[in-house]
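Enquirer: Below is a structure I'd like to ask you about.
The values are calculated or read from the model by the stated rules, or taken from the named source; none is laboratory data. Just so you know, these numbers come straight off a predicted model, no measurement behind them. Cβ sites come from the backbone with ideal geometry, for glycine too, and all protein chains shown count toward neighbours. Quick note on the areas: whole protein, heavy atoms, side chains included, nothing else; ligands and nucleic acids left out. Shrake-Rupley method; radii C 1.70, N 1.55, O 1.52, S 1.80 Å.
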Amino acid sequence: MLLENTVLATVMVALTVLVHFLGMVGLSSVAKRRAATGHLPGTIARQAGVVLVVILSLFALHTIEIWLYAWLYLILGEFETLEAALYFSTSTFTTVGFGDLYLDEKWRLLSAIQSANGFLLIGLSTAYLVTVMGLIHDIEGEIR
């Protein structure tokens, strides 16, 4: 079971990191195109709009990643309903880990690795958001 858990967890980590990376590259690409055409977030409303779009986009990426794990848990037969799989996946990915639902001992290592995966990806999103906020602050200084 250790080998199966490790292989499956490695595939899931690679998949979710790829989803996250491609999403952030897409966000950065959109931002670069807008900056190149002179659409800089000069007003407070535009700055707030940029931050909101970034936050919602990052939230969407995490949602996709959580759903990927939820579907995996359903495929493995660990939960009978999508709602239960999503609930477990969300609480595991965000490292809340309520403990009211749990995986069979056979797959518990997979959920532990999902927690580490979620922790790192949420940290990556936070770093990305801090970078965006810094860029907005720099642009704000240039506009004045």
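Enquirer: Could you tell me which of Y69, M12, L120 has its Cα farthest along the dipole of the chain towards the positive end, charges placed at Cβ (Lys, Arg +1; Asp, Glu -1), taken about the Cα centre?
Expert: The residue sitting farthest along the positive end of the dipole is L120.
Enquirer: What does the accessible area per residue of the chain come to in Å², with a 1.4 Å probe and no ligands, DNA or RNA counted?
Expert: 61 Å²
Enquirer: Which helices of the chain meet both criteria: a Cα extent of 27 Å or more along the helical axis and a mean Kyte-Doolittle score no lower than 0.5, with helices taken as whole DSSP H segments?
Expert: Those that pass (Cα extent of 27 Å or more, hydropathy at least 0.5) are 2-36, 44-75, 108-143.
Enquirer: Give the relative contact order (percent, whole number) for the chain; include only Cα pairs under 8 Å separated by 6+ residues.
Expert: Reported as a whole number, the value is 31 percent.
Enquirer: Which three lengths, in whole Å and largest first, does the chain cover when its Cα atoms are put on their principal axes?
Expert: 60, 26, 19
Enquirer: Can you compute the charge dipole magnitude of the chain about its Cα centre, using +1 on each Lys and Arg Cβ and -1 on each Asp and Glu Cβ, nothing else charged? Give it in debye, rounded to the nearest 20.
Expert: Computed charge dipole of the chain: roughly 720 debye.
Enquirer: For the chain, set up a Gaussian network in which alpha carbons nearer than 10 Å are linked by springs, and say which option among I113, I44, I66 fluctuates the most.
Expert: The residue with the greatest mean-square fluctuation here is I44.
Enquirer: Full extension from T95 to L68: what is 0.36 nm times the residue separation minus their Cα-Cα distance, to one decimal in nm?
Expert: Length difference between fully extended and current span is 8.1 nm.
Enquirer: Now, a different point. Roughly how many percent of the accessible protein surface of segment 1-125 is carbon and sulfur, given a 1.4 Å probe and a whole-percent answer?
Expert: Carbon-and-sulfur percentage of accessible area, whole number: 73.
Enquirer: How much length is gained if the chain between S57 and S29 is pulled fully straight, taking 0.36 nm per residue apart and subtracting their Cα-Cα distance, in nm to one decimal?
Expert: So the extension gain works out to 8.8 nm.
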